[in-house]
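Single-structure report; data block below.
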Amino acid sequence: MRLLLYTGKGGVGKTTTAAATAVCAARRGLRTLVASTDAAHSLGDVLAIRLGAEPQQVEDRLHAVEIDARAEVERHWGRIRDYLVAVLRYQGIEDMVAEELALLPGAEEITTLLGAEGWLRSGDYDLVVLDCAPTGATLRMVTLPDVAHGALRILLRVQGALAAVVTPAARALVPVPLPDRHVFQDADRLLYRRLRRLRRRLLDPSTSVRLVVTPERMVIDEARRTWTDLSLFELPCDAVVMNRLLPEAAVSEAFFADWGRLQDERLREVAALFAPLPVLPAPLQDDEVIGLERLAAHGEQLFAEHDPAAVLSPPSQAVFERDDDGYALCLPLPGADPALLDVAKVDDELLVRAGPLRRSLRLPRRIAPLDLAAARLDGDQLRVRFARGAD
Ligand SMILES: Nc1ncnc2c1ncn2[C@@H]1O[C@H](COP(=O)(O)OP(=O)(O)OP(=O)(O)O)[C@@H](O)[C@H]1O
Ligand SMILES: [Mg+2]
């Protein structure tokens, strides 16, 4: 079972590439589901069929679904959200603001992933291809299991302790509204089963993110930053798709010769910037890539030399290793800016901040009692050393 996520800047061809991958994989024999959360219903437009909130068959071995993120959020987070609104309102925060605050940023995105996780577990599919939102939202989506897990854990711990000691008669005297049993049950189900399972799925070697770019500077730069951010959370990227490349026949015309040269330059640049990820070139087609046959042809060009469902580059994850007089953590962080990096150890966790993103890594038992001795960026690797303190 394999999960593939396609992301990239707005309009670069994510939906087209995700759909072409799915059609290609299904025609080569895999039971495939392609899913999108785009409220504009562009996956349905690309496949040229009307899609719903449940997977429906498109052709042999191929299903597609457009997730209704709003409805799903209500189903998963509804009661927790209502409780948060009650707490905020109690603290004198206006209804409107309280509701806004309790919207849980990223809830829509994470709900999408929970859906994908469910379909993968159903055993009905060998491959699930997700057409993700543009990069910012995708990052929120993949980092949220971390963030939500922490927030919900604190909420549960505090409120659980309160609920345990406060009898129903005393409830009226307690200065915060207490959640009822159902809120705990919902939070518990989300937290301990689904979010944990989702985190495991995202970190599984069978999950890969593919970055879609076009031969434009801004698009490439954004993808490169995304790669760093995804690496911080150990989400493996396995390939870059370079879309909308002018075909050979066009660049051999004098009029397009300069574009051809620039394009070659950008291709080489992307190969170097994203090494060791393979770069899959995708030609600019002479018309929009709509309908199964055009998607299949586009997919065959894209995957002429690869299996669309293969892990195209081995994942590089964090490793702890023995060091002279202690231990070291090596976390691959390609393209990280040392000026924006910050590393701290708090109890048994290592906090790594890269720009606006923060990751906390639980330290193995043998390393947790040691002190943070040094942290530096060594090429594409963040190297953090732990050693016994002086005392
Ligand atoms: N290789 C290609 N050749 C020709 N047309 C393409 C190609 N790739 C994408 N397109 C066209 O470009 C437009 C945008 O593509 P698409 O919808 O796949 O982008 P997207 O990244 O999903 O956009 P959004 O960020 O809005 O979701 C569509 O009209 C699509 O048919
Ligand atoms: Mg799209």
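The table that follows gives values for the structure above.
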read-out	value
Loop-located GluC sites (Glu not before Pro) in the range 292-391, at most 10 other Cβ atoms within 10 Å (DSSP)	GLU305
FRET efficiency, 1/(1 + (r/R0)^6) with R0 22 Å, evaluated for SER360 and ALA339 via beta carbons	0.55
Length released on extending from LEU203 to ARG225, taking residue separation times 0.36 nm less the Cα-Cα span	6.0 nm
Peptides ranked, highest mean first, by Cβ atoms within 10 Å: ranges 17-25, 194-202, 338-346	17-25, 194-202, 338-346
Estimated FRET transfer efficiency when R0 is 51 angstrom, pair ALA249-GLU74 (beta carbons, to 0.05)	0.50
Sequence ranges 226-233, 215-222, 380-387, 366-373, ranked by mean other-Cβ count within 10 angstrom, highest first	226-233, 380-387, 215-222, 366-373
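Only the coordinates and a few stated rules stand behind these numbers; no lab work does. From a predicted model like this one, the values you see are computed outputs, not experimental measurements. Positions of Cβ are backbone-derived with ideal geometry, glycine not excepted, and every protein chain shown enters the neighbour counts.
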